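Okay, so here's the structure we're looking at.
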Amino acid sequence: MKKLLLPLLLLLLITVKAQYLVDTHNDILSVVLMTGADVGKLQNTGNFDLVRAKQGGLNAQVFSIWCSGDYGKGAAYARANREIDSLDALIKRNPAKMMKVSTPAQFKEAIATHKLAAMVGVEGGHMIEDRMDYLDALAKRGMRYMTLTWNNSTSWASSARDETVRRDSLKHIGLTEYGKQIVRHMNDLGVMVDVSHVGEQTFYDVIATTTKPIIASHSCVYALDRNRRNLKDEQLKALAKNGGVVFVNFYSGFVDSAYDAKASRFLRQHRAELDSLIKIYHDNDLSIQQLNKLHQTETDQMRPPFDMLIKHIDYIVKLIGVDHVGIGADFDGAESYPLGLDSVADYPKVFAALKKLGYSQSDINKIKGGNFMRVFEASVGK
Ligand SMILES: [Zn+2]
């Protein structure tokens, strides 16, 4: 009996308090593959490392496995595996600080032993290269969500970008029959269906197909910033009805409708410098991140006020309830975040702001991680 008491107490503590903090989207692995940075140690660039994660109280991170649509068949799946290799290597170098997690039981073990729960999310259905066996293999390597598309559509699902920018030239809009099979198979495998980046038609086809709650791993509110990556009120309501959760993205471009114009002007003014950075990094997004850092005084002025991010969280809570919102910051995946949000060390500011707005601790706990756990358990089992 005594032997059982401690684990039981721990479990009770975790279940009742549920004070863990989960972030469902971080792109550091792409950066690590390009720069070789050791994020087990404190970095002076980027937004994530294990030291700052600890400072920010981060308990669980879903690491995004990502490559652009330029990686076609024969390349995308291999690239995804290399990124998972790099996560496994990071964990191997830091066994006392983090552990790989693919079930709620492992998640709770990580929390109880004060390790960062490291999870895998694959951002872009193109990485399964239209193959169900690749989907199985990635699930086996720990993938617990797959974003059905990135900006590029797949042969079975249309993306938000393509549904809005090149709708007329799409061969199909929404999910194809094969796309529906993939969604059902993800349900069976316990891989959460992520609708961030998908087009509206794909979104509604997913809602009609899935038997499990869905997630939007890193999206904001369209009513506050009319960006095609953000969710409209009707989508948010449908997501709530499905039992799903939207994890709010911190990227300035999704938070503030005024940001895009400022960012475009800045890029035009520094075009030559950006071109030379692209020659060094061979990656547009990473080069823009570097350019922003080189002109910090100027780019700081382009950042939205911190409260604008809080408005997105509060809007979702008021529209569909506190059970359907969480955090998916998109750190290391964007060049700009609202003022005060520089890295994973800054999450506590978000929860302090919610507290100031009158949110109860139990509601804040849901936003921090409780809502994630509900969907995770509904997908994978306990
Ligand atoms: Zn993304």
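The values are calculated or read from the model by the stated rules, or taken from the named source; none is laboratory data. Keep in mind the model is a prediction, meaning the values are calculated, not measured. Glycine also receives a Cβ, built like all others from the backbone with ideal geometry; neighbour counts cover every protein chain displayed. For accessibility, only protein heavy atoms count, side chains too; no ligands or nucleic acids. Shrake-Rupley method; radii C 1.70, N 1.55, O 1.52, S 1.80 Å.
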Scan the helices (runs of 4 or more DSSP H) fully inside the range 272-331 and keep the ones with 3 or more residues being among the hydrophobic types (A, V, I, L, M, F, W, C) and either without any contact (Cβ under 8 Å) to a residue 24 or more places away in the chain or within 16 Å of the ligand (Cβ to nearest atom) (or both). 284-294
Residues satisfying the stated conditions in the range 212-230, i.e. outside any loop (DSSP other than H, G, I, E, B) and either modelled with pLDDT under 95 or more than 20 Å from residue 122 (Cα to Cα) (or both): 221
Which residues, taken from the range 168-186, are out of contact with any Phe, Trp or Tyr (no Cβ under 8 Å at 6 or more places or on another chain), in a helix (DSSP H, G or I) and crowded, with 16+ Cβ neighbours inside 10 Å? 180, 183, 186
Do any helices (runs of 4 or more DSSP H) entirely within the range 1-105 hold 3 or more residues that are within 16 Å of the ligand (Cβ to nearest atom) and either open to solvent by less than 20 Å² (accessible area, probe 1.4 Å) or at pLDDT 95 or above (or both), and if so, which? 28-35, 76-93
Out of 153, 158, which single residue is over 28 Å from residue 377 (Cβ atoms), among the hydroxyl-bearing types (Ser, Thr, Tyr) and within 15 Å of the ligand (Cβ to nearest atom)? 153
Within the range 348-361, is there a residue that is under 30 Å from residue 294 (Cα atoms), part of a loop (DSSP other than H, G, I, E, B), of a type outside the set (S, T, N, Q) and free of Cβ contacts under 8 Å to residues at least 60 places away in the same chain? no
For residue 243: the one exception among (1) touching a residue at least 60 places away in the same chain (Cβ under 8 Å); (2) crowded, with 19+ Cβ neighbours inside 10 Å; (3) assigned to a loop (DSSP other than H, G, I, E, B): (2)
